[in-house]
Amino acid sequence: MRTEFGDTLGGLARGLAVIEAFNPLRPRATIADIARATGLTRAAARRCLLTLQGLGYAEFDGKFFTLTPRVLRLGGAYLSSTALPDILQPELEAVREATHESCSAAILDGPDVIYVARSAAQRIMSVSLGVGSRLPAHCTSLGRAVLSTWGDARLDAFLATVPDGAAAHTRAAVLAARAAGHALVNEELEPGLRSVAMPVRDMRGRCVAAINIGAHAGRATDAVLEQLYLPALRLAVQRLAQRIPG
C-alpha cells in the first residue's frame, strides 16, 4: 500500500502486472511476450514468471507460460471479503424471475467492468459471461451506467483512455444515460444482443455498481424495455439503495 513515504513493494507490483498481462488474446506467453506487454526487462519478466510458477500460479511447457486455476484465489479473496455480491444476488434473481432474462451486476475496474454477480436465464447466447468476466466499460451498458454518475472532469479523463474513434460516441451515450437514468446498448457488443443497465447506489447515494438485463434484440423491443425491463431494474436499485451500507 502506498503511503506518504512511498512505501511500496515493487516486486509485488511487477508480479501483478505479469498476471494481468495474460488475457483471452494472450492465454499463453513467452518471456519476451510478457516483457513487451508489461514494459519490464526480459530479466525482470523471467524472474516474475518463475516466481509465479514456483508458487503454483503459472505453468511452463518449455516455451510458453500459462496461468493456473490457482489465480482464481486472488479474485475469490475479493468476493469473500465484501458483502456486495451477496446483497446483489437476491435482487438479480428477482429481476430474472420478473423478466425471464439474464441479469448481471458489475463494478468498474480501470477501463473495464468486472462481473461480481449474475443470475442467468435459460437462453442460448454466444456471449459467455460469469462472475469474474471482464468487458470494456465504454461499450457496455453496465459501464455506461456507472460512468453516467461521474462528473464531467472525471468522465473526460476516462474518455481519454478509450480506443481511438470511440470517445465521441461513448460520451454521447453516457450523457444520454445520465439524462434518462439508464444506459442502453443496442447490438454494439454483439449483433443481436441488447442490454439496459442502471447504476446501483449505497445508502449515502454513491454509485457502487450497476445492474443490467441482457436479451436478444428480437425480444427486447422498445415496448418490452419500457413496460417490463426498466420497471424491474428500477425496483431492484431502489431496494438495493436501502440495503447497501454507505
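The values are calculated or read from the model by the stated rules, or taken from the named source; none is laboratory data. Note that this is a predicted model, so its numbers are computed, not measured. Every residue, glycine among them, receives a Cβ derived from its backbone with ideal geometry; neighbour counts consider all protein chains shown.
Show me the strands (runs of 3 or more DSSP E) entirely contained within segment 158-228 in which 2 or more residues are more than 20 Å from Ser102 (Cα to Cα).
Strands (runs of 3 or more DSSP E) meeting the threshold: 207-216.
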Inset, instruction - Give me the pairs, please: first residue somewhere in segment 39-64 and basic (Lys, Arg), second residue anywhere and surrounded by 11 or more Cβ atoms within 10 Å (Cβ to Cβ), beta-carbon distance under 7 Å, and either six or more positions apart or on two chains. - result: Arg42/Ile31; Arg42/Ala32; Arg42/Ala35; Arg46/Ile31; Lys63/Thr30
Legend entry - Subset of segment 159-193 that is loosely packed, with under 15 Cβ neighbours inside 10 Å and among the charged types (D, E, K, R) - its residue that is modelled with the highest pLDDT: Glu187
Inset, instruction - Could you tell me which residue of segment 205-229 is farthest from Cys139 (Cα to Cα), considering only residues that are of a type in the set (A, V, I, L, M) and within 21 Å of the chain's Cα centre (by Cα)? - result: Val208
Legend entry - Failed item, numbered, when Ser81 is tested on (1) surrounded by 15 or more Cβ atoms within 10 Å (Cβ to Cβ); (2) modelled with pLDDT under 90: (1)
Inset, instruction - Please list, ordered by first then second residue, the pairs with beta carbon atoms under 8 Å, 6 or more apart or interchain, first in segment 103-117 and aromatic (Phe, Trp, Tyr), second in a loop (DSSP other than H, G, I, E, B). - result: Tyr115/Leu129; Tyr115/Gly130; Tyr115/Val131; Tyr115/Gly132; Tyr115/Ser133
Legend entry - Criterion violated by Thr149 - all others in (1) β-branched (Val, Ile, Thr); (2) closer than 24 Å to Arg201 by Cβ; (3) modelled with pLDDT under 95; (4) assigned to a loop (DSSP other than H, G, I, E, B) satisfied: (3)
Inset, instruction - Determine whether Val196 is crowded, with 16+ Cβ neighbours inside 10 Å and touching a residue at least 40 places away in the same chain (Cβ under 8 Å). - result: yes
Inset, instruction - Starting from segment 133-144, keep only residues that are assigned to a strand (DSSP E or B), then list their pairs with residues that are among the acidic types (Asp, Glu) whose Cβ atoms are within a distance under 7 Å, requiring at least 6 positions of separation or different chains. - result: Arg134/Asp112; Leu135/Asp112; Pro136/Asp112
Inset, instruction - Within segment 216-229, identify whether any single residue is in contact with a Pro (Cβ under 8 Å, 6 or more places away or on another chain) and modelled with pLDDT of 95 or more, and answer yes or no. - result: no
Inset, instruction - Quick one: which residue in Ala105, Ala120 is at pLDDT 85 or above, closer than 17 Å to Ala215 by Cβ and buried (at least 23 other Cβ atoms within 10 Å of the Cβ)? - result: Ala105
